[in-house]
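Shown next, in C-alpha cells, is the structure this report addresses.
The values are calculated or read from the model by the stated rules, or taken from the named source; none is laboratory data. The structure presented is a predicted model; accordingly, all values stated were derived computationally and were not measured. Cβ coordinates were reconstructed from backbone atoms using ideal geometry, including for glycine residues, and neighbour counts include every protein chain displayed.
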Amino acid sequence: MTDFLAPGDRELFERHGLATFEGLWARQLDAVDEPNTLGDGWSSVYRLDLDGHGYYLKRQSNYLTRTLQRPLGEPSFAREFRNISLYQKLGIPALEAVFFGQRKVDGDVRAILVTRALDGWDDLDALLQQWPQLDAGQQAALLRACGLLARQLHAAGRVHGCFYPKHLFMQPAGDGYRAQLIDLEKTRPLLFGWRDRVKDLEPLLRRAPIWSTDNVRTLLAAYLDQPLDGSLVDAWLQRLSARRSHKGNR
C-alpha cells in the first residue's frame, strides 16, 4: 500500500525512523487527551516534536465512518486526508497533512494521519476570551481575516460544516492577520447558494456572542467585499438573524 509522506519532511522523518507506517505506529508518545471511542474502535492524538518541528500524530484502529459512497466504512482519517488534499488543491487555507497511511493488521483497520502543528497560531476561540483587551484595530483585523477566509472557502465551492471559533486559527501578519481552518471532516460541496453560505456562517456568530452588530458588519463587509453600510451587508445581517432565530426556536 502506498503511503503519503510530504517531500519536504521526508529526510527528517527518515532520520528519526518515522518514514513508515510501522515506525509511526510504534512510536511511544503521551496522548494529548483521552482517546475517542466508536464501537470497538478508538482514535487518539499525540504531540510529536522532531528537531524543533512540531506535528500532531493521530492513530486510530477500527474507528470507521460509513457513507453512501462507502457503506462498509473507512477510517475517519482517510476522509480527513482527502479533504485536506482537496483544500490544498482549491487554495483554501487549512492545516497541512505530512503523512497518511492505513493498514489491515490482524483483522483491525488501522490508520495514521500526521499534520503540521500550528505553532505560532491562536484559535479564534482563545482570542474571543481576550476580546475586550484587544484594541479596535486588532478586533477589526481579526474580523476581516474571518470574513476573507469564509469568502475564499465559499468562492471555492465548499462549505466547512463546523465553521466554529475553535476551528479558525489566526496568526498576526503585518498590520493584519492570516487565517486558516482545521477539522475538515464535515466539509462538503456548496450546493444551495446563499442558504448554504448562511448555514455555514451562522454557527460562528452564535458562538461569538461578544461580537457587536458593528463587529459582524465588519466581518460581512470583508466576506461580501462591500462597504460597511452597504445594502447587501444589511440583507445578510437579516438572513443571519433569521437563521439564528430559527435555530433558537428549535
How many residues are under 15 Å from residue 54 (Cα atoms) and among the aromatic types (Phe, Trp, Tyr) when one looks only at region 1-31?
1
Go through the residues of region 228-247 one by one and say whether even a single one is within 23 Å of residue 93 (Cβ to Cβ), without any contact (Cβ under 8 Å) to a residue 24 or more places away in the chain and not assigned by TED's automatic domain parsing to the domain that holds residue 67.
no
So which residues in region 213-227 are in contact (Cβ under 8 Å) with a residue 24 or more places away in the chain and farther than 23 Å from residue 135 by Cβ?
224, 225
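Listed here are the residues, each with its yes/no results for (1) in a loop (DSSP other than H, G, I, E, B); (2) over 28 Å from residue 133 (Cα atoms).
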site	(1), (2)
184	yes, yes
196	no, yes
204	no, no
211	yes, no
235	no, yes
238	no, yes
242	no, yes
Suppose we filter region 3-30 for residues that are surrounded by fewer than 13 Cβ atoms within 10 Å (Cβ to Cβ) and either touching a residue at least 40 places away in the same chain (Cβ under 8 Å) or among the hydrophobic types (A, V, I, L, M, F, W, C) (or both); how many remain?
1
For region 166-182, does any single residue satisfy the condition of being out of contact with any Pro (no Cβ under 6 Å at 6 or more places or on another chain), at pLDDT 95 or above and assigned to a helix (DSSP H, G or I)?
yes
Taking the stated definitions as given, is residue 63 surrounded by 13 or more Cβ atoms within 10 Å (Cβ to Cβ), at pLDDT below 95 and of a type in the set (Phe, Trp, Tyr)?
yes
With 52, 120, 101 as the choices, which residue is of a type in the set (Gly, Ala, Ser) and either out of contact with any strand residue (DSSP E or B) (no Cβ under 8 Å at 6 or more places or on another chain) or at pLDDT below 95 (or both)?
52
Scanning region 213-231 for residues that are assigned to a helix (DSSP H, G or I) and more than 16 Å from residue 148 (Cβ to Cβ) gives 213, 214, 231
In this structure, is residue 110 within 30 Å of residue 192 (Cβ to Cβ) and not in a loop (DSSP other than H, G, I, E, B)?
no
Looking at 157, 193, can you tell me which residue is at positive phi and in contact (Cβ under 8 Å) with a residue 24 or more places away in the chain?
157
